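Notes to accompany the following structure.
The values are calculated or read from the model by the stated rules, or taken from the named source; none is laboratory data. None of the values given here were measured: they were computed from a predicted structure. No Cβ is skipped: glycine too gets one built from the backbone with ideal geometry, and neighbour counts run over all protein chains shown. For the accessible areas, the whole protein counts, side chains as well, though only heavy atoms, and no ligand, DNA or RNA atoms are used. Shrake-Rupley method; radii C 1.70, N 1.55, O 1.52, S 1.80 Å.
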Protein chains: 2
Amino acid sequence: MMVLITYDVNTETEDGKKRLRRVAKQCQNYGQRVQNSVFECIIDPALFKRLQAKLAEIMNKEKDSIRYYYLGDDWKKRVEHVGAKASIDIEATLIV
Amino acid sequence: MMVLITYDVNTETEDGKKRLRRVAKQCQNYGQRVQNSVFECIIDPALFKRLQAKLAEIMNKEKDSIRYYYLGDDWKKRVEHVGAKASIDIEATLIV
């Protein structure tokens, strides 16, 4: 199944940046990073439950939010992109 | 129809923050801001074309990206939220 994951976090703090890097690392196991905090994951339901559990551990539930959008099988025709190219990885240089 | 709009912009620059505020202002005419740069809009196709044209004017196409996800009529069962509450408006205080 295809799940769109949007992660809202304040990246003006070091802790926020770190959490975004950790969330990205988990999501990128299952799909691509289409924007800085938006991930499109192709994942089966069992693995998705594990991914959700990991993300719940990483996030700060009082400050951050995660939204999951279940896009179904015909998801490719549901998406349109405008502007700078997808699959950015602007955090990569920060990973040590 | 329901369109999810995700806007990728560098908010560490003043210009980026300004563009995000302008995009948010347009999107909030048609729906709600569910994360800092994620908007859920209920909009008819004719108005949506106008909205897209406005956003294309506001964005910096070389630096920013916008993705549109067409979620269809049964969109409410496609969405799951975790963490801090939706419908934030953290930019509001910056608008002058």
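General observations
- Peptide A:64-76 has a mean shielding of 5, counted as Cβ atoms of other protein chains within 10 Å of each residue's Cβ.
- Label geometry 7 Å along the beta-carbon vector: B:K63 inter-copy distances in nm: 2.5
- Per-residue SASA entry for A:S65, accessible area with 1.4 Å probe, Å² rounded to 10: 0
- For B:R21, the solvent-accessible surface computed with a 1.4 Å probe is close to 60 Å², ligands and nucleic acids excluded.
- Helix-only mean residue ellipticity at 222 nm for the protein assembly as shown, each DSSP H run of n ≥ 4 adding -39500 (n - 2.57), per residue, nearest 500: -9500 deg cm²/dmol
- Area buried, chain A against chain B - accessible surface, total, 1.4 angstrom probe, square angstrom: 3000
- Probe 1.4 Å, protein heavy atoms only - accessible area per residue of the protein assembly as shown in square angstrom: 53
- Rounded percent of accessible protein surface that carbon and sulfur make up, chain A, 1.4 Å probe: 50
- Area projected by the alpha carbon convex hull of segment B:1-78, averaged over all directions, nm²: 4.8
- Listed pairs A:K17/A:K49; A:K49/B:K85; A:K63/B:K18; B:K18/B:K76; B:K25/B:K63 exceeding 29 Å between Cα atoms: B:K18/B:K76
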